[in-house]
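Written below as structure tokens is the structure these notes are about.
The values are calculated or read from the model by the stated rules, or taken from the named source; none is laboratory data. Quick caveat, the model's predicted, so the values are computed rather than measured. Counting neighbours? That spans all protein chains shown, and the Cβs are built from the backbone with ideal geometry, glycine included.
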């Protein structure tokens, strides 16, 4: 009887997986040939933009874990690679095939947005600060355009000012070791169904510049506040001939910038034709 129990225990331990097994990551499942994987695009780089077709090759019941931060490289070198920004788990039962759809965002702003049905291959998890960023996006369930802008800030050097979500902007600045921008450039993205085949620069357009401006005054002044280009021309005005009191002055601003060229501009407070305080802003 003891020998029989010992053999049963050994048999149980040697089973590859059971209903009580821990979750197995996509890396492990592929390495141990437990699954086959087909990855394709739904079209574009927003929303549920990545489709994974997973076929279970193991007859047991187990759980496949696909964390945020897994990367999928496009089979077309001209199209953008994608990174998953949400974690999903899938219970695998016997020999079966299942489709999963993931929130994923692109990491190559200069390439064309993926076309529906275009193929991808798994290329491993992201690392370092990008991994920390994507993990935060997943945990905070950020699925608006801020997620994409934050990823581009790390993979393509885009400005942190494009990130509308303030907590995500704050984390991004901390990871980069820079000061969080006091302003935000609100971009208007094209509809998801129109993204495919366009680069990041064609799928977004600066629309609104908004933020906060603060200055310390040594005396009361009559002042104006506006947005100026590099040549010193006032492009937009928030107010003119307003009395500002001695001490700390704070104000919020919002400018419509869709008709302005991309570049660096200056939010500038002036009095009697002289610059009192200014801040450079780029989009």
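Some values worked out for this structure:
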| item | result |
| --- | --- |
| Only one of 110, 117 that is assigned by TED's automatic domain parsing to the domain that holds residue 50 and over 30 Å from residue 279 (Cβ atoms) | 117 |
| Filtered residues of the range 182-216 (kept if without any contact (Cβ under 8 Å) to a residue 40 or more places away in the chain, buried (at least 16 other Cβ atoms within 10 Å of the Cβ) and within 30 Å of residue 245 (Cα to Cα)) | 184 |
| The range 117-155, residues that are in contact with a helix residue (DSSP H, G or I) (Cβ under 9 Å, 6 or more places away or on another chain) and in a loop (DSSP other than H, G, I, E, B) | 126, 140, 142, 143 |
| Subset of the range 6-37 [modelled with pLDDT under 90 and surrounded by 13 or more Cβ atoms within 10 Å (Cβ to Cβ)] | 17, 21, 23 |
| Every residue from the range 94-119 that is surrounded by 13 or more Cβ atoms within 10 Å (Cβ to Cβ) and more than 19 Å from the chain's Cα centre (by Cα) | 98, 100, 115, 116, 118, 119 |
| Residue match in the range 156-176 (condition: outside any loop (DSSP other than H, G, I, E, B), touching a helix residue (DSSP H, G or I) at 6+ places or on another chain (Cβ under 9 Å) and more than 30 Å from residue 250 (Cα to Cα)) | no |
| Any chance residue 40 is surrounded by 15 or more Cβ atoms within 10 Å (Cβ to Cβ), over 16 Å from residue 98 (Cα atoms) and at pLDDT 95 or above | no |
| Within the range 215-256, tally of residues that are under 30 Å from residue 152 (Cα atoms) and either at pLDDT below 95 or assigned to a loop (DSSP other than H, G, I, E, B) (or both) | 4 |
